[in-house]
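Step one of this worksheet: look at the structure below.
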Amino acid sequence: MINTERDFHMVGGEGEISYARNSRVQNKAMMETKSILDKVTQEVYTGLLPRNMVIADLGCSSGPNTLRFVSEVINIITKCQNKLGQIDLMDLQFFLNDLPGNDFNHLFRTLETFKKANETNHEGEIVPAYYICGVPGSYYTRLFPQQTIHLFHSSISLHWLSQVPEELNGRKKVYLNEENIYITKTTPQSVVKLFQEQFYKDFSLFLTLRHEELVLGGQMVLTFCGRKDEDARSGSELNNLFGLLAQSLQSLVAEGLVEKENLESFNLPLYGPSVGEVDEIVKNVNLFEMDHINLFECNWDPYDDSQGDIVHDSALSGMNVAKCIRAALQPLIASYFGEDILNALFEEYAHRVAKHLEKEKGKFAFIVVSLKKRSYIKIGS
């Protein structure tokens, strides 16, 4: 059985398959949502004018994107202060949160370089003092005291569930999802419903907890993997991506490298919702005003910036995608199947992704939503 808090984290360090070197897709998503973050940060600052502004990045991981977010907020606040002609200095407190297995050491080792670069970028400007702390723990629990956070940010994280739905863990060795590890066209509707209910429960809890921790006037910017189609079994984004990984595991079963029962009992703790599902949950929880919700796409291959539907080098793209997914899933897969299968698995996966890309270009669908804390409960919404 998967223990998400123990087993799930990105690959640390700076090696070839580290998350730090394989998080370009996440960076592209951050660039896509930059204007929304700018708008929300300015609104929170100018609306509240806090002497000490507290910002939390949830599911921060350990790559360069985390400190890019910190740098962006510092830039926005500096511009706001200059525009308003404020001479009183303020403090920024950043809390960087992720599960305990996250490579916080790597993150904090890069801080000195970050600070020097930030000083160079703002030479001659009055920049607010800033302080950066790590907060290990699940964002499906309370992380901060009541009404202490001004801005929450989470990027490419909230599609990860708190756990695999309990019913999929196999009672009396009956595995409902068989050799699938996520949702595919062959997944029974009853299993789809289990994933949907777990996401509904987790996201509702997340919103409730963050509402308690936000100050009045506080806001959130959340970006996570989703899907375009309302039918979860028809959504091609994550379904194809992880369907190919399931096929790769099935090939290792055929070779005798993985036990069939191990594969049948394995499911990924994630769910990519539709815009409609996210909108419904926010309305039902009834704690936030939704200022913005949007879906945008990004190529599977982090190094393919083209807009067309043609993949020019499917073999290279297959390897790039495999590295990206390996950086995210290796610790989880290794804890369940063992480390010995990793190279064979992701070589097979790169090959299958390449074959898929010869037929059609794979794309991620990302949902970005900005939410403002309500100071009252809206009746009848």
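The values are calculated or read from the model by the stated rules, or taken from the named source; none is laboratory data. Nothing here was measured: the structure is a model prediction, and the numbers come from that model. Counting neighbours? That spans all protein chains shown, and the Cβs are built from the backbone with ideal geometry, glycine included. Protein only, heavy atoms only, side chains kept; ligands, DNA and RNA dropped before computing areas. Shrake-Rupley method; radii C 1.70, N 1.55, O 1.52, S 1.80 Å.
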(request) Select from Leu257, Val278, Leu241 the residue farthest towards the positive end of the dipole of region 234-281; place +1 on Cβ of Lys and Arg, -1 on Cβ of Asp and Glu, and compute about the Cα centre. (result) Leu257
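Take the alpha carbon gyration tensor of the chain, find the square roots of its eigenvalues, order them as a ≥ b ≥ c, and report rounded if a/c is under 1.5; if not, report prolate when a/b exceeds b/c, else oblate.
It is prolate, given that a/c is not under 1.5 and a/b is the larger ratio.
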(message) Starting from the 7 Å offset along Cα-to-Cβ, what nm value, one decimal, do you get for the label separation of Lys39 and Asn52?
(response) 3.1
(message) In whole Å, what are the extents of region 200-243 along the principal axes defined by its C-alpha atoms, from largest to smallest?
(response) 41, 19, 18
(message) Per 0.36 nm of contour for each residue apart, how much would the distance between Lys201 and Glu339 grow if the chain were fully extended, relative to their Cα-Cα spacing?
(response) 46.4 nm
(request) Compute the separation of the alpha-carbon centres of region 222-291 and region 77-156 and state it in Å as a whole number. (result) 31
(message) List the pairs from Lys39/Lys83; Lys34/Lys373; Lys201/Lys372; Lys39/Lys283; Lys115/Lys363 whose alpha-carbon separation is above 25 Å, in the order I gave them.
(response) Lys115/Lys363
(message) Net charge around Glu16, counting only other residues with Cβ within less than 12 Å of its Cβ (Lys, Arg = +1; Asp, Glu = -1)?
(response) +2
(message) With +1 assigned to the C-beta of every Lys and Arg and -1 to the C-beta of every Asp and Glu, and no other charges, what is the dipole magnitude of the chain about the Cα centre in debye, to the nearest 20?
(response) 760
(request) Out of all DSSP beta bridges with both ends in the chain, state the antiparallel percent to the nearest 5. (result) 45
(request) Provide the FRET efficiency to the nearest 0.05 for the Arg6-Asn27 pair, computing r from the beta carbons and using R0 = 45 Å. (result) 0.95
(request) Report in % the part of the accessible area of region 257-318 that belongs to carbon and sulfur, leaving out ligands and nucleic acids; probe 1.4 Å. (result) 47
(message) Using DSSP to call loops (not H, G, I, E or B), can you name the GluC sites (Glu not before Pro) in region 198-232 whose Cβ has at most 16 other Cβ atoms within 10 angstrom?
(response) Glu230
(message) With +1 on the Cβ of every Lys and Arg and -1 on the Cβ of every Asp and Glu, and nothing else charged, how large is the dipole of region 332-371 about its Cα centre, in debye rounded to the nearest 20?
(response) 340
(request) With an 8 Å cut-off on Cα pairs and a minimum separation of 6 or more residues, tell me the relative contact order of the chain in percent. (result) 22
(message) If you take every DSSP beta bridge fully contained in region 38-153, what fraction is antiparallel? Give it as a percent rounded to 5.
(response) 0
(message) At a 10 angstrom cut-off on C-beta neighbours, averaged per residue, how do the peptides 122-133, 321-332, 104-115 rank from highest to lowest?
(response) 321-332, 104-115, 122-133
(request) For Asn294 paired with Ala315, estimate the spin-label separation in nm (one decimal), with each label point 7 Å from Cα along the Cα-to-Cβ line. (result) 3.9
(message) Counting only helical runs of four or more DSSP H residues, what would the 222 nm mean residue ellipticity of the chain come to if each run contributes -39,500 (n - 2.57) and the total is spread over all its residues?
(response) -14000 deg cm²/dmol
(request) Mind checking the full-extension length gain between Ala254 and Lys283? Use 0.36 nm per residue of separation minus the Cα-Cα distance, one decimal, nm. (result) 5.8 nm
(message) Using Cα springs under 10 Å in a Gaussian network model of the chain, which residue among Ser71, Ser162, Ser370 shows the largest mean-square fluctuation?
(response) Ser71
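If you stretched the chain out fully between Gln307 and Arg233, how much longer would it get, using 0.36 nm times the residue separation minus the C-alpha to C-alpha distance?
In short, 24.1 nm is gained.
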